Amino acid sequence: MTAVGIDAIEIWTGNLKLDLPGTFAPEKGEDPEKYTKGLGLNASSFPDSYEDIVTMGANAAHRLMDRKGLEPNDIGRIDVATESAFDNSKPVSTYVAGCLEQVYDGDFHHANKGERKFACIAGTQSLDDAYNWIRAGRNRGRGALVIATDTALYARGDAGEATQGAGAVAMYIAEDPDLVELSAEQGYGSADETDFLKPNQQFPSVDGKRSVQVYLARMREALEDYETAAGDVHPDDFAFAPFHTPFPGMVRKAALLAYRHVIRDTTIEDELADEIGRQPRPEGFDTDDDYRDALREYMDALKDTEQYREWYAETIDPTLSISREVGNWYTGSVHVARASVLKAALEEGRDLAGETLLVGSYGSGAQAEIHAETVRDGWEDEIEALNVDDQLADRYDMSWEDYEEVHDVHNHEMDVDVEEFTAPESEFVFDGWGRMGERKYRYVE
Ligand code: HMG
């Protein structure tokens, strides 16, 4: 069977930056280490006044198409995953196609376009849709453009304000891919939850502490479900595990839970038994509370073992390096984690071809998905081509006053005009409103 997966990936960050320990923490009267050590974040990316989900998505897609030498005729689908859409009818993918048609000779009239919504997991769902379309043989040799794009802004004063971010990830899904092959096996953990939602409002209603618990519960279910399809997972089965990263501290919690699960009934659990005992099993306890207390104690001890620390440093920590500098990109976040870890592996000179990634996606509301990906021979060239370090370094570093203005500019309830902080170059920009309330865009050379 021909491999199907991600052939190429491009990242586009918002052109502004908010320094969390340096600018945000002092204004909030908080210890900077709450951000750097607690949440694990140094900065958030923000859109300048001429940027939005369309410009960032179209810019990432344009870079990807140029680099891969793709023409509109090579693309049979454009799926945009976002939870920052501004229209309940016309999908963002039509705007993105309109932008790209300004710079390519052909058009996308033949391409099936859509918009996927399920909080942050919609980016991965769009990958799955593209995979299924190709596997079903409906693609006529074409590939799918999947774009995950969000301006993840919270209301001013919300606890989530520290975890904001803005950016887009474009991916080309095709047969015989250069980057990773997607597994046919998937596991799901999905339930009707009200941890984070936007009932026809721009900024989310969030129960932050509960959202953390829901993330962990759904992720555990998804891992168990994945095992029913793919067999038990052992730590030796995968090189890295990129997770949805609303902030790196969240992944720290998820990783500990995942490690406990995958070492259960293995020689690793046996080796650790002398130091911290065996994992508690429910049948050994009279009440659920006793079992949960024992579990908590075991996890605390596990976290401090050399085995866990080493595994975390090698398998999880390298997935967080870009996220630390950009915050939460919602639908793009898990795809940023994949890019981070491949970039780290390239910088270390590691030969990854043929190795497996265990990918954990999550969206509030809520659903988690686990699947595996096999790294392909062409991965090094693909990752080498990313210019994410330059993009991050080039962002304009906002003062507190700048931040307040920029937040207002992107607040749909407010009508404020602000000079742009950066000069757009070789990119699509927002160009005002049309007569039916549509947004207009133009390409700046
Ligand atoms: P908070 O109340 O501001 O922070 O809310 P906190 O007091 O819980 O502190 C955060 C961490 O920093 C804690 O670590 C503190 O101990 C530590 P923990 O105990 O949890 O390991 N800390 C410090 N560490 C070192 N030095 C210090 C210090 N001070 C504190 N001085 C919260 C945090 C995450 C709730 C908030 O930011 C929030 O509401 N965020 C938005 C919701 C969110 O991101 N949830 C994540 C799971 S849900 C999800 O991922 C889906 C999502 O992406 C949306 C979607 O799917 O569409 C959000």
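Select from the range 208-239 the residues that are among the polar types (S, T, N, Q) and either within 11 Å of the ligand (Cβ to nearest atom) or touching an Asp or Glu at 6+ places or on another chain (Cβ under 8 Å) (or both) and list them in ascending order. Within the range 208-239, Ser211, Gln213 qualify. Restricting attention to the range 353-379 and to residues that are within 16 Å of the ligand (Cβ to nearest atom), open to solvent by 10 Å² or more (accessible area, probe 1.4 Å) and part of a loop (DSSP other than H, G, I, E, B), the residue that is nearest to Gly5 (Cα to Cα) turns out to be Ser364.
Condition check ((1) touching a Ser or Thr at 6+ places or on another chain (Cβ under 6 Å); (2) closer than 22 Å to Tyr362 by Cα; (3) of a type in the set (Asp, Glu)) across all residues:
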{"site": "Gln307", "(1), (2), (3)": "no, no, no"}
{"site": "Asp317", "(1), (2), (3)": "no, yes, yes"}
{"site": "His335", "(1), (2), (3)": "no, yes, no"}
{"site": "Ser340", "(1), (2), (3)": "yes, yes, no"}
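Sort through Val169, Val146 and tell me the only one that's more than 16 Å from the ligand (Cβ to nearest atom) and not hydroxyl-bearing (Ser, Thr, Tyr). Give the steps one after another, and end with the answer.
Working: Val169 fails: more than 16 Å from the ligand (Cβ to nearest atom).
So the residue among Val169, Val146 that is more than 16 Å from the ligand (Cβ to nearest atom) and not hydroxyl-bearing (Ser, Thr, Tyr) is Val146.
Among residues of the range 201-217 that are open to solvent by 30 Å² or more (accessible area, probe 1.4 Å), those with a Cβ under 9 angstrom from a residue that is among the small types (Gly, Ala, Ser) and assigned to a helix (DSSP H, G or I), sequence gap 6+ or separate chain, pair up as Phe203/Gly160; Val206/Ala159; Val206/Gly160; Gly208/Ala159; Gly208/Gly160; Lys209/Ala159. Among the residues of this structure, Gly189 counts as one that is outside any loop (DSSP other than H, G, I, E, B), open to solvent by less than 30 Å² (accessible area, probe 1.4 Å) and more than 8 Å from the ligand (Cβ to nearest atom). The number of residues in the range 10-46 that are open to solvent by less than 30 Å² (accessible area, probe 1.4 Å), of a type in the set (Ser, Thr, Tyr) and within 14 Å of the ligand (Cβ to nearest atom) comes to 2. Please specify each residue of the range 225-238 satisfying the condition of being crowded, with 16+ Cβ neighbours inside 10 Å and either within 16 Å of Ala119 (Cβ to Cβ) or not small (Gly, Ala, Ser) (or both). Of everything in the range 225-238, those that are crowded, with 16+ Cβ neighbours inside 10 Å and either within 16 Å of Ala119 (Cβ to Cβ) or not small (Gly, Ala, Ser) (or both) turn out to be Asp225, Tyr226, Glu227, Val233, Pro235, Phe238.
Just the residues that are of a type in the set (A, V, I, L, M, F, W, C) and in a helix (DSSP H, G or I), please, taken from the range 108-161.
Correct list: Ala122, Leu127, Ala130, Trp133, Ile134, Ala159.
When Gly137 is tested against the conditions (1) closer than 30 Å to Ser205 by Cα; (2) more than 17 Å from the chain's Cα centre (by Cα); (3) open to solvent by 30 Å² or more (accessible area, probe 1.4 Å), the lone failure is (1). Criterion first (open to solvent by 30 Å² or more (accessible area, probe 1.4 Å), assigned to a helix (DSSP H, G or I) and of a type in the set (Gly, Ala, Ser)) does Ala393 satisfy it? Yes.
Just one of the numbered conditions (1) out of contact with any strand residue (DSSP E or B) (no Cβ under 9 Å at 6 or more places or on another chain); (2) closer than 11 Å to Ala255 by Cβ; (3) of a type outside the set (Asp, Glu) is not true of Met299: (2).
Identify all residues within the range 396-421 that are modelled with pLDDT under 95 and open to solvent by less than 40 Å² (accessible area, probe 1.4 Å); write none if there are none. Selection gives Val418 alone.
Residues in the range 274-326 that are of a type in the set (Phe, Trp, Tyr) and either under 24 Å from Leu357 (Cα atoms) or surrounded by 18 or more Cβ atoms within 10 Å (Cβ to Cβ) (or both): Tyr308, Trp311, Tyr312. Restricted to the range 240-352, the set of helices (runs of 4 or more DSSP H) holding at least 1 residues that are more than 30 Å from Val80 (Cα to Cα), within 16 Å of the ligand (Cβ to nearest atom) and touching a residue at least 12 places away in the same chain (Cβ under 8 Å) comprises 248-263, 288-303, 306-311.
The values are calculated or read from the model by the stated rules, or taken from the named source; none is laboratory data. As the structure is a prediction and not an experimental result, all values here were calculated from the model. So basically every Cβ, Gly included, is an ideal-geometry build from the backbone, and we count neighbours across all protein chains shown. Please note that ligands, DNA and RNA were not included when accessible areas were found on the heavy atoms of the full protein model with its side chains. Shrake-Rupley method; radii C 1.70, N 1.55, O 1.52, S 1.80 Å.
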